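**Q** Got a structure for you, written out below as structure tokens; questions coming shortly.
The values are calculated or read from the model by the stated rules, or taken from the named source; none is laboratory data. Everything numeric in this text was worked out from a predicted model, so none of it was measured. Cβ placement follows ideal geometry from the backbone for every residue including glycine, while neighbour counts extend to all protein chains displayed.
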Amino acid sequence: MKGIILSGFRPTGKVHIGNLKGALENWVKLQDEYACYFEIADWHLLTTSYDDVASIQENIFQMVVDWLAAGIDPKRSIIFLQSSVKEHAELYLLFSMITPLSWLYRNPTLKEQIRDLEMTSDNNYGLLGYPVLQAADILCYKATAVPVGEDQLPHLELTREIARRFNNLYEEIFPEPKSLITQFPRVLGIDGKKMSKSLNNAIYIADSEEEIRRKVKLSITDTAKIRKNDPGHPDICNIFSYHKIFNREQTDEIKDSCQKGELGCVECKNRCADKIIEYLKPLQEKRKNFEKDPDVIYDIVEDGNKKARIIAQKTLDEVNESMNLKINRRFYDKTSL
Ligand code: TRP
């Protein structure tokens, strides 16, 4: 039997090249070997952006367009919207009963997020439960593997702990899903920090040629290389990190000539922008076609919702039965004897 994959993004809008290389391209490959579920995690988005819902529809649309442009194939994989499959909420509630608070408080991803977003002590209840909801996402489909970035590993560990606890308390229903880590260097933002939408340092799949050139030109490189002929340090340069990803054939030569002070940053950046533009071109063409036909996107998600619901309902039937919930006909049959 094929393994089952579930992964997802929060719908924050257009996808950047960090997500493309770090996750999306990996998902595309996994479609050959696994039954894949790709989730638009809109409830997870609300854990931090509950006060900003105006752009959710637009952001879902743009994100799904990027998924499809990158090669997610709705004929083989199920693309669905989390809030359209209510079973996630039901399983989340049941899991919340068996999840000790200490497991949630020690979660490093949560701690990091609270620090990054400068959140305060009156954080919302939903944010604490973020990984419990994620466990429900994964286990609704009995996923056996979850492709994620390193930052998600603590969440996945919690998913396994919840599955184990459930299986011990009630019945062996859930697999303990393993993580599939993408073997890809972290893509840096144009400021040299981790590429992230919220840090405003990202290059997007949908960026125009001018936009990409402008961003690459603005990039901070090796600050010790001031003049064209100063020797540079490619290993700490984010432009070099892009060359490694989008311009593999020339990386050795670029490294060498940068270190020798032969290659200036202006030329190096131009060559880098050319390669990124060339790489994204076919994706952008596919993107344009989808944008012309938004109802295709709607149908894909609605169709995915239906398929996802069938599987999730089956799982929840088993869960409810094993926890002895829902009024049970058999009990009444017995007592009437
Ligand atoms: N937490 C993930 C992220 O921020 C999104 C997500 C939600 C997810 N549910 C998931 C990822 C289930 C993997 C599996 O990127």
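**Q** Would it be correct to say that Glu302 is within 17 Å of Asn59 (Cα to Cα), of a type in the set (D, E, K, R) and in the same structural domain as Ala136 (by TED's automatic domain parsing)?
**A** Answer is yes for this residue.
**Q** Another question, then. Residues of the stretch 146-192 being farther than 21 Å from Tyr92 by Cα, among the aliphatic types (A, V, I, L, M) and in contact with an Asp or Glu (Cβ under 8 Å, 6 or more places away or on another chain), which ones?
**A** Residue satisfying the conditions is Ile181 alone.
**Q** Oh, and also: Among the residues of the stretch 166-179, are any more than 30 Å from Ile239 (Cβ to Cβ), away from the ligand (no atom under 15 Å from the Cβ), in a helix (DSSP H, G or I) and not hydrophobic (A, V, I, L, M, F, W, C)?
**A** Yes, some residue in the stretch 166-179 is more than 30 Å from Ile239 (Cβ to Cβ), away from the ligand (no atom under 15 Å from the Cβ), in a helix (DSSP H, G or I) and not hydrophobic (A, V, I, L, M, F, W, C).
**Q** Can you report the number of residues in the stretch 279-324 which are in contact (Cβ under 8 Å) with a residue 24 or more places away in the chain and either closer than 30 Å to Glu249 by Cβ or not in a helix (DSSP H, G or I) (or both)?
**A** The total comes to 7.
**Q** Still on this structure: Mind listing whichever residues of the stretch 18-44 are more than 9 Å from the ligand (Cβ to nearest atom), out of contact with any strand residue (DSSP E or B) (no Cβ under 7 Å at 6 or more places or on another chain) and either touching a residue at least 40 places away in the same chain (Cβ under 8 Å) or within 27 Å of Gly129 (Cα to Cα) (or both)?
**A** Passing the criteria: Gly18, Leu20, Lys21, Gly22, Leu24, Glu25, Val28, Gln31.
**Q** Then there's this: Check the stretch 165-186 and report whether any residue there is over 26 Å from Asp116 (Cα atoms), among the small types (Gly, Ala, Ser) and in the same structural domain as Leu93 (by TED's automatic domain parsing).
**A** Among the residues of the stretch 165-186, not one is over 26 Å from Asp116 (Cα atoms), among the small types (Gly, Ala, Ser) and in the same structural domain as Leu93 (by TED's automatic domain parsing), which makes the answer no.
**Q** Now for a different question. Please go through (1) in contact with a strand residue (DSSP E or B) (Cβ under 9 Å, 6 or more places away or on another chain); (2) surrounded by 15 or more Cβ atoms within 10 Å (Cβ to Cβ) for Lys306 and return the number of the only condition it doesn't satisfy.
**A** Just one mismatch for Lys306, condition (2).
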